[in-house]
Each structure stands twice: as structure tokens, then as C-alpha cells.
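Here the structure comes first, spelled out in C-alpha cells, and everything after it is commentary.
Rule-based calculations on the coordinates, nothing more; no lab input. These figures come from a predicted structure and were not determined experimentally. Cβ: placed from backbone, ideal geometry, glycine included. Neighbour counts: every protein chain shown.
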Amino acid sequence: MAYLSPSEGINATAGIPSLLAYINTVTNQWISNMILIAVYVIVLIGYYRAKDDFVGGMATAGFGTFVIALLFWLGGFISGITLSIVIGILLIGVAILFIDTKNN
């Protein structure tokens, strides 16, 4: 499948959403998935290094990734399956946070 060149496929007045839509189309939605993974890892490692609490970092990173994934889903950049996986990661992080007895 031949894609339009970036100068033809991007509406210059639409800004960043148009660029993300073009890149998402060319990469078959992999760029959005990689952005979500990067957000999760950056928040998780940042929280862990700041607070020395890996379980809290999992819950915080899951919630932050969920918020961004929800916006991506509303914008049509990710599929429902990806949103479901992000919700599952969020629930696992929150469940482990509630089960963890070290912090109580």
C-alpha cells in the first residue's frame, strides 16, 4: 500500500494531531502503542527512583497511562483492544497496591 508523502498527508493548519494521525497510519498504530509503553516506563521508573516504592509506581504509571490511552482512544489513535490492555494493567497495579502489606 502506497502512503501519501508527509507534505501531502498532513494538514499544516491542524497541527500535532494531524502529524500523529499520519504517523499512526503509516506505522499501523504502532507509534501510539510505543508512546503508551514509553509513558508507562518513564512514570514507573521516575516514581520508583523518587519514592523507592515499586508498587506505588505501578499504580501511578497505570493511571497515567490510562488517562493518555483514553484520550488516544477518543481521538481514534488506538483500538479498543489496546485500551482494554491498558485498563488491565491499571487494575493489576491497583490490586497489587491494595494487597501489598509492606506499606501498611
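Here are a few things to note about the model shown:
- When Val43, Val94 are sorted by how many other C-beta atoms sit within 10 angstrom of their C-beta, beginning with the fewest, the order is Val94, Val43.
- Segment 28-99: proportion of alpha-carbon pairs further apart than 16 angstrom, %: 45 percent
- GNM result for the chain, Cα springs below 10 Å: residue of Ala69, Ala14, Ala50 fluctuating most strongly: Ala14
- A simple spin-label model places pseudo-atoms 7 Å from Cα toward Cβ; at Ile37 and Ser18 they are separated by 3.0 nm.
- Each of Ala95 and Ile81 was given a label point 7 Å from its Cα along the Cα-to-Cβ line. The distance between the two points is 2.2 nm.
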